[in-house]
1. Hey, rough spin-label estimate for Thr119 and Thr161, points 7 angstrom out along Cα→Cβ, what's it come to in nanometres?
2. I'd like to check one number: the per residue accessible area of the chain, probe 1.4 Å, reported in Å² as a whole number.
3. Taking 0.36 nm per residue of separation and subtracting the Cα-Cα distance, what length does fully extending Asp296 through Ser85 add?
4. At a temperature of 37 °C and a viscosity of 0.692 mPa s, determine how fast the stretch 178-286 diffuses translationally according to Stokes-Einstein, using the Kirkwood radius over alpha-carbon pairs as Rh; express D in µm²/s, rounded to the nearest whole number.
5. Where q = 0.10, 0.19 Å⁻¹, what log10 of I(q)/I(0) comes from the Debye formula for the stretch 110-260, counting one point per Cα?
6. How high is the relative contact order of the stretch 110-260? Use alpha-carbon pairs under 8 Å, at least six apart in sequence, and give a whole percent.
7. Let me know the Kirkwood hydrodynamic radius for the chain, please, with Cα pairs as the basis and the value in Å to one decimal.
8. How would Thr166, Thr59 line up by accessible area, probe 1.4 Å, largest first?
Amino acid sequence: MAQQILMLPGDGIGPEVTKQAEKILAWLSENSDTVFEVSEALIGGAAYDAYGTPWPEETAAACRKADAILLGAVGGPKWESLDISVRPERGLLAVRKELGLFANLRPAMVFDELADASTLKREVVAGLDIMIVRELTGGIYFGEPKGIENLPDGTQKGYNTLVYTTPEIERIARVAFDLAAKRDGRVCSVDKANVLVSTELWRNTVERIQRDEFPKIELSHMYVDNAAMQLVRNPKQFDVMVTTNMFGDILSDCAAMLTGSLGMLPSASLGAADSDVCNALYEPVHGSAPDIAGQDKANPIATILSLAMMLRYSFGMAVEADALEAAIRAVLVQGLRTGDIMQEGASLIGTEAMGNAVLDALVEAYALAKAA
Ligand code: IPM
Ligand code: MG
């Protein structure tokens with residue numbers, strides 16, 4: 001039975017990087033036991049240009065019925081002056097919310113070959129392997145009330161609401177504990193419980209789930225300001241970090257730079273296993289990078305790593321996912337680099353060439369994996 005993959009290339013470098021993943025999917029379709037049927041829809045600025053909305057009903061319908069979605073990036077200067085209600089980012093928030101993709105997994109792994117590409121010292125980042133679990137459909141991103149109000153004195157008041165309910169916290173905590181059980185067995189929950197009462201509920205709820213359901217997992221808590229500092233001071237102290245929507249947004253960009261480049265960080269956004277609509281979207285953490293869009297300069301590795309996550313989490317294709325990650329490592333060992341991870345003595349290549357190099361390496365890695 002064919003798996004239906006929906007591509008949402010989006011804006012900026014989105015189309016270039018998703019195209020590299022598409023080549024790999026086509027190859028896997030021919031050479032693995034799984035057939036992928038790939039279709040495409042518009043989201044973000046590209047959708048706004050065609051439909052006047054960043055989240056057209058056509059796209060929503062296609063998303064609901066896909067088996068998995070691969071998204072590039074949304075946004076760019078072209079749409080920055082639009083009203084916030086139709087800005088490209090709205091498309092991204094809508095797909096997360098409408099499909100109920102509440103768990104955002106952002107692994108930050110440092111490939112040994114790139115340990116010197118980080119702005120931090122090699123010994124701080126070499127061997128790093130952490131997983132940030134970000135709540136994705138609640139918190140201050142979606143809380144009500146929100147708005148901008150006119151005040152009697154002629155000034156204005158802008159406000160958002162940081163709100164979390166018990167079930168929202170419980171389900172994201174379970175995702176984090178489940179992941180930790182397959183890793184090093186440690187979860188650090190990040191909040192601001194010394195100031196924000198809604199995150200006091202967060203802390204208490206995470207603690208209760210650990211006590212009642214995951215007694216073998218080691219749980220610690222950290223305030224978000226300290227967590228930001230610890231991430232650059234000694235990131236290897238962490239295994240799984242679980243946190244709110246906005247704290248996760250911020251900390252995951254920070255973690256991305258530990259790996260050398262935002263161009264290296266994949267992500268998965270997952271919904272409930274028993275969801276009756278598509279429950280999995282994969283996307284690179286980097287944005288649309290309008291400054292280099294269309295120039296064959298973007299690093300497609302974050303997108304290809306996102307595809308590896310799709311193979312692993314949506315289709316149980318661990319052998320293929322491992323082979324794809326091994327292929328990326330092989331390409332890095334060969335000294336091939338896009339601009340963002342360029343190092344002295346390495347060879348600078350473009351987006352297409354990087355995609356092709358990974359595909360070539362995959363052919364070899366997959367043959368090896370199957371022989372083993
Ligand atoms: C991310 C991005 C988005 C977010 C933006 C583009 C809406 O920064 O995925 O981290 O804030 O969630
Ligand atoms: Mg972000």
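The values are calculated or read from the model by the stated rules, or taken from the named source; none is laboratory data. Small disclaimer: the values here were computed from a predicted structure and weren't measured. Please note: Cβ atoms are built from the backbone with ideal geometry, for glycine as well, and neighbour counts cover all protein chains shown. Note: areas computed on protein heavy atoms with side chains; ligands, DNA, RNA excluded. Shrake-Rupley method; radii C 1.70, N 1.55, O 1.52, S 1.80 Å.
1. 3.7
2. Accessible area per residue, the chain: 43 Å².
3. Once the chain is fully extended between Asp296 and Ser85, it gains 72.8 nm.
4. 216
5. For the requested q values the scattering log ratios are -0.40, -1.10.
6. With pairs under 8 Å counted, the relative contact order is 37 percent.
7. 21.2
8. Most to least solvent-accessible, the answer reads Thr166, Thr59.
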